[in-house]
Amino acid sequence: MQNIPLIDIEREYKTQKSRIDTAVLRVLGSGRYVMGDEVKAFEEEFARYTGVRHAVAVGSGTDALTITLAAMGIGAGDEVITTPFTFFATAESIAAVGATPVFADVDASTLNIDVSEIENKITGRTKAIMPVHIFGRCSDMNGINAAAKNAGIKVVEDACQAVGAEYNGKRAGSLGDAGCFSFFPTKNVGCAGDGGMITTNDDELALMCRAIRNHGSGAEGARAAKLDTAENADKYHNYIVGCNSRLDEIQAAVLKVKLEAYPKALGSRLNAVRLYRRLLADIKGIELPPDDEGCVYHMLTLQSDKRDKTVEALRLRGIAAGVYYSVPLHLQRAFHCLGYKQGDLKNAERAAQRVFSLPLFASITADEQHSVAAALKEIEND
Ligand SMILES: *Cc1c(COP(=O)(O)O)cnc(C)c1O
């Protein structure tokens with residue numbers, strides 16, 4: 001039987017094997033494994049690519065979100081408005097700093113947060129809006145920034161699925177006060193483990209993030225604490241309370257290779273999406289996502305009223321479809337304490353019943369895509 005995975009990380013590695021291997025061995029031979037030249041170079045390259053002044057590398061996308069909120073001084077008693085249709089870490093980061101996630105429903109077609117739902121969720125306690133560019137499609141940032149400006153609050157983009165996504169000619173991560181990225185292996189730019197990045201044009205916020213990711217120690221900690229003795233700061237003196245969330249040198253070295261290869265890989269991914277669109281155009285009962293420019297398709301996510309049957313039938317044919325996300329965050333057990341109930345956020349709940357994602361990665365073959373499309377056609381016309 002055929003076996004078409006949702007994402008083939010091993011195949012992706014093999015397309016760049018010699019360059020990645022060389023990079024990893026270079027780090028191993030250097031004896032410098034934490035906070036060295038590789039991280040510095042990757043931060044600079046990522047900032048340039050994203051179009052921001054600062055990029056601060058951290059241990060994961062989750063940490064990027066949590067550290068950014070902490071650096072903004074958001075904590076207990078504060079509220080952050082976000083989408084319920086996302087990976088758990090989005091709202092988890094808000095809870096992790098002691099603040100309360102407030103969920104606003106999504107648009108039924110883009111599956112991104114609906115700006116018209118944001119405005120009536122803003123209270124005196126709201127400190128930020130955290131839109132997620134879900135599946136690589138930018139949220140309505142004009143509307144979100146306008147709402148935030150009106151209320152005098154911050155915008156933190158969860159751009160974990162959206163490296164390189166464009167909106168009005170600017171890239172995700174440069175569209176709000178800060179952007180947060182994940183380099184988890186399955187993401188569009190993935191490393192060989194965990195990794196993340198914070199992007200911003202705000203000098204003070206960047207400095208605070210740098211201090212927090214490394215125990216608030218040394219010169220960065222002292223400057224973040226606004227001490228005028230910062231130049232003489234000691235590595236073993238801690239000036240603010242932070243955490244340990246650094247990107248490893250090995251991961252930075254891998255990511256430099258991945259980022260350099262990304263424009264080409266993204267082109268292949270977008271070509272694959274175009275082929276899927278042609279092959280799937282006339283299947284009844286399947287709803288394709290909007291075909292707007294700038295989306296980087298972390299996933300190609302379709303909607304169908306008989307999603308569970310379809311996914312199971314694909315699985316029986318050796319095709320791995322994914323379901324992201326089957327439980328909207330306001331209905332997750334961990335957030336029962338927030339008091340939401342079924343029916344509160346209808347579009348997110350409906351999407352959770354209907355979405356499924358097709359196999360998609362830069363090195364997927366046209367043959368594989370034809371097999372997926374043929375299987376879907378057979379299943380849906382059954
Ligand atoms: C992957 C992801 C995260 C978390 O990133 P990690 O690197 O796994 O911690 C957060 N938000 C979204 C939308 C994600 O897709």
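Those helices (runs of 4 or more DSSP H) of the range 20-113 in which at least 2 residues are more than 18 Å from the chain's Cα centre (by Cα) and away from the ligand (no atom under 15 Å from the Cβ), considering only elements entirely within it, cover 37-50, 61-71.
For the residues 376, 360, the requirement of being touching a Phe, Trp or Tyr at 6+ places or on another chain (Cβ under 8 Å) and buried (at least 17 other Cβ atoms within 10 Å of the Cβ) singles out 360. In this structure, residue 242 qualifies as outside any helix (DSSP H, G or I), away from the ligand (no atom under 14 Å from the Cβ) and under 25 Å from the mean Cα position of the chain (by Cα).
Filtering the range 144-172 down to residues that are surrounded by 20 or more Cβ atoms within 10 Å (Cβ to Cβ) and over 17 Å from the mean Cα position of the chain (by Cα), which residue is nearest to residue 298 (Cα to Cα)? Top of the filtered list is 144.
Determine, yes or no, whether residue 150 is out of contact with any helix residue (DSSP H, G or I) (no Cβ under 8 Å at 6 or more places or on another chain) and at pLDDT below 95.
Details: out of contact with any helix residue (DSSP H, G or I) (no Cβ under 8 Å at 6 or more places or on another chain): yes; at pLDDT below 95: no.
Judged against the criteria, residue 150 is not a match.
Which of the following residues is part of a loop (DSSP other than H, G, I, E, B) and touching a helix residue (DSSP H, G or I) at 6+ places or on another chain (Cβ under 7 Å): 379, 283?
283
Remark: residue 157 matches the filter, which requires a residue to be assigned to a strand (DSSP E or B), under 28 Å from residue 183 (Cβ atoms) and either within 11 Å of the ligand (Cβ to nearest atom) or modelled with pLDDT under 95 (or both). Close contacts from the range 205-229, counting a first residue that is over 19 Å from residue 63 (Cβ atoms) and a second that is of a type in the set (S, T, N, Q) and part of a loop (DSSP other than H, G, I, E, B), with Cβ to Cβ under 7 Å and a gap of 6+ residues or different chains, come to 222/229.
Residues in the range 52-110 that are surrounded by 22 or more Cβ atoms within 10 Å (Cβ to Cβ) and among the acidic types (Asp, Glu): 63, 105. Of all residues in the range 196-237, those satisfying the criterion of being assigned to a loop (DSSP other than H, G, I, E, B), modelled with pLDDT of 95 or more and in contact with a Lys or Arg (Cβ under 9 Å, 6 or more places away or on another chain) are 201, 202. Here residue 102 fulfils each of the conditions (1) touching a helix residue (DSSP H, G or I) at 6+ places or on another chain (Cβ under 7 Å); (2) of a type outside the set (S, T, N, Q); (3) touching a residue at least 40 places away in the same chain (Cβ under 8 Å) apart from (3). Going through (1) crowded, with 19+ Cβ neighbours inside 10 Å; (2) assigned to a helix (DSSP H, G or I) one by one, residue 325 falls short only on (2).
Candidates in the range 1-36 are the residues that are within 22 Å of residue 359 (Cβ to Cβ) and in contact with a Phe, Trp or Tyr (Cβ under 7 Å, 6 or more places away or on another chain); of these, the one that is surrounded by the fewest Cβ atoms within 10 Å (Cβ to Cβ) is 8.
Just name the residue that is nearest to the ligand (Cβ to nearest atom) out of those in the range 177-193 that are assigned to a loop (DSSP other than H, G, I, E, B) and within 16 Å of residue 90 (Cα to Cα).
Of the range 177-193, the ones assigned to a loop (DSSP other than H, G, I, E, B) are 177, 183-193.
Now drop any that are not within 16 Å of residue 90 (Cα to Cα), which leaves 183-184, 187.
Values: 183: 7, 184: 4, 187: 6 Å.
Going through the qualifying residues, I end up with 184.
The values are calculated or read from the model by the stated rules, or taken from the named source; none is laboratory data. What you see is a predicted model, and the numbers here were worked out from it, not measured in a lab. So basically every Cβ, Gly included, is an ideal-geometry build from the backbone, and we count neighbours across all protein chains shown.
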